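What follows is one structure encoded as structure tokens, with my remarks underneath.
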Amino acid sequence: MTGLGVVFRPQLPPERLRPLARLADESGLEELWLWEDCFLEGGISAASAALAWTERLRVGVGLLPVPLRNVAITAMETATLERLFPGRAMVGVGHGVQSWMGQVGARAESPVTLLREYLGALRALLRGERVTTDGRYVKLDGVALDWPPAEQAGVLAGVTGPRSLRLSGEAADGTILTSATTPEGVRRARALIDEGRAAAGRTDPHHVVVYLLTATGPDASARLRAELEAEGLGSVPDLGVAGDAGAVAKAVQRLVQAGADTVVLQPTGDEPDPEGFVRFTAGEVRPLVL
């Protein structure tokens, strides 16, 4: 079955997370995704709280910007989430928005090199290995987790460019694609991911998560159009969806047919009723998505 989730956008204050997460859990929705956008809410702290407030909901962080975080810290926090809430936490890492990284003095000259080194070290630490590496950016001297996950914790990469997509296929366990990805964009991404997987000789599953900008209600089309235009995407065809549950389900299926395993509905930034959006996704869209 296709995975289906919603985004808790960090434009909402942190205190809104508890009721929305509990509603998602109680309504039967499978996944809630959080963002660590600068300079809004912390991804790991928010994920830990959402997991503690719920019983069965899976919570994803898509994504943690690697220039901001030493890889050992990310490994420690990911392992802790996995041991506290087995099988319910999903962690993605990525380059981060370069202008934000510049603001905090963490911009890398080669983001792809940093992500490659980071993914290799992070996945090794989460496997319980003792890691020594002296890369351009990632440097570890005999580091091992005292409390690695009991089961292997998968690491996703949130990436967009061709080199980074190939790298995700080679070095990550899954890929997160932004809401600026059309169905054809998913197909292209899958092809690049598969190139990376083939180059690395990988045959294990690779999970692709895609955000879908979604609006529903009487002003849905206007809100969707305004957000796409604000993001400079107004002229991109077949991007986002506005309408009722049937229209949204068809948009989800188009992404799935293109290669997505999980589709995460991303409300517009001006969504007037985030709780209603969760109810709509769980109660109306989920029954229509196979």
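Only one entry of 200, 191 meets the criterion of being free of Cβ contacts under 8 Å to residues at least 40 places away in the same chain, hydrophobic (A, V, I, L, M, F, W, C) and touching an Asp or Glu at 6+ places or on another chain (Cβ under 6 Å), and that entry is 200.
Residue 202 meets all of the listed conditions (1) under 19 Å from residue 28 (Cα atoms); (2) assigned to a loop (DSSP other than H, G, I, E, B); (3) at pLDDT 95 or above but one, namely (1).
Looking at 279, 190 in this structure, which one is crowded, with 16+ Cβ neighbours inside 10 Å and either modelled with pLDDT under 95 or part of a helix (DSSP H, G or I) (or both)? Don't jump to the end; show me each part of the working.
Details: 279 fails: crowded, with 16+ Cβ neighbours inside 10 Å.
Sole residue among the options that is crowded, with 16+ Cβ neighbours inside 10 Å and either modelled with pLDDT under 95 or part of a helix (DSSP H, G or I) (or both): 190.
On the basis of being modelled with pLDDT of 95 or more, within 19 Å of the chain's Cα centre (by Cα) and under 21 Å from residue 177 (Cβ atoms), does residue 232 make the cut? Against the criterion (modelled with pLDDT of 95 or more, within 19 Å of the chain's Cα centre (by Cα) and under 21 Å from residue 177 (Cβ atoms)), residue 232 does not qualify. Within the range 39-63, being aliphatic (A, V, I, L, M) and surrounded by 19 or more Cβ atoms within 10 Å (Cβ to Cβ) holds for 44, 46, 47, 50, 51, 57, 59, 61, 63.
Give the number of residues within the range 80-113 that are surrounded by fewer than 21 Cβ atoms within 10 Å (Cβ to Cβ) and over 20 Å from residue 206 (Cβ atoms).
So the answer is 21.
Assess whether residue 36 counts as being surrounded by fewer than 18 Cβ atoms within 10 Å (Cβ to Cβ) and outside any helix (DSSP H, G or I). Walk me through it before giving the result.
Details: surrounded by fewer than 18 Cβ atoms within 10 Å (Cβ to Cβ): no; outside any helix (DSSP H, G or I): yes.
For residue 36, the condition - surrounded by fewer than 18 Cβ atoms within 10 Å (Cβ to Cβ) and outside any helix (DSSP H, G or I) - is not met.
Residue pairs whose Cβ atoms lie under 6 Å apart, sitting 6 or more positions apart in sequence or on different chains, and linking a residue in the range 205-232 that is under 14 Å from residue 244 (Cβ atoms) to a partner that is assigned to a loop (DSSP other than H, G, I, E, B) and β-branched (Val, Ile, Thr), are 215/268. Considering the conditions (1) within 17 Å of the chain's Cα centre (by Cα); (2) on the phi > 0 side of the Ramachandran plot; (3) of a type outside the set (A, V, I, L, M), residue 128 is excluded by exactly one of them, (1). Checking each residue in the range 193-215 for being over 13 Å from residue 262 (Cβ atoms) and either crowded, with 20+ Cβ neighbours inside 10 Å or of a type in the set (D, E, K, R) (or both) picks out 193, 194, 195, 196, 197, 202, 204, 213, 214, 215.
For the range 34-93, a tally of residues being of a type in the set (Val, Ile, Thr) and either in contact (Cβ under 8 Å) with a residue 60 or more places away in the chain or more than 21 Å from residue 209 (Cβ to Cβ) (or both) returns 6.
Tell me which residues, restricted to the range 124-171, are part of a loop (DSSP other than H, G, I, E, B), in contact with a His (Cβ under 8 Å, 6 or more places away or on another chain) and not β-branched (Val, Ile, Thr). Give the steps one after another, and end with the answer.
Of all residues in the range 124-171, those part of a loop (DSSP other than H, G, I, E, B) come to 127-130, 135-138, 144-154, 159-161.
Still in the running and in contact with a His (Cβ under 8 Å, 6 or more places away or on another chain): 154, 159.
Once the filter is applied, which keeps residues that are part of a loop (DSSP other than H, G, I, E, B), in contact with a His (Cβ under 8 Å, 6 or more places away or on another chain) and not β-branched (Val, Ile, Thr), the range 124-171 yields only 154.
In the set (1) buried (at least 21 other Cβ atoms within 10 Å of the Cβ); (2) more than 29 Å from residue 229 (Cα to Cα); (3) under 15 Å from the mean Cα position of the chain (by Cα), the condition left unmet by residue 157 is number (2).
Yes or no: residue 265 modelled with pLDDT of 95 or more, part of a strand (DSSP E or B) and of a type outside the set (S, T, N, Q)? Yes; evaluated as a whole, the condition is true for this residue.
The values are calculated or read from the model by the stated rules, or taken from the named source; none is laboratory data. All values derive from a computational prediction rather than experimental measurement. FYI the Cβ positions are ideal-geometry reconstructions off the backbone, even for glycines, and counts take in every protein chain you see.
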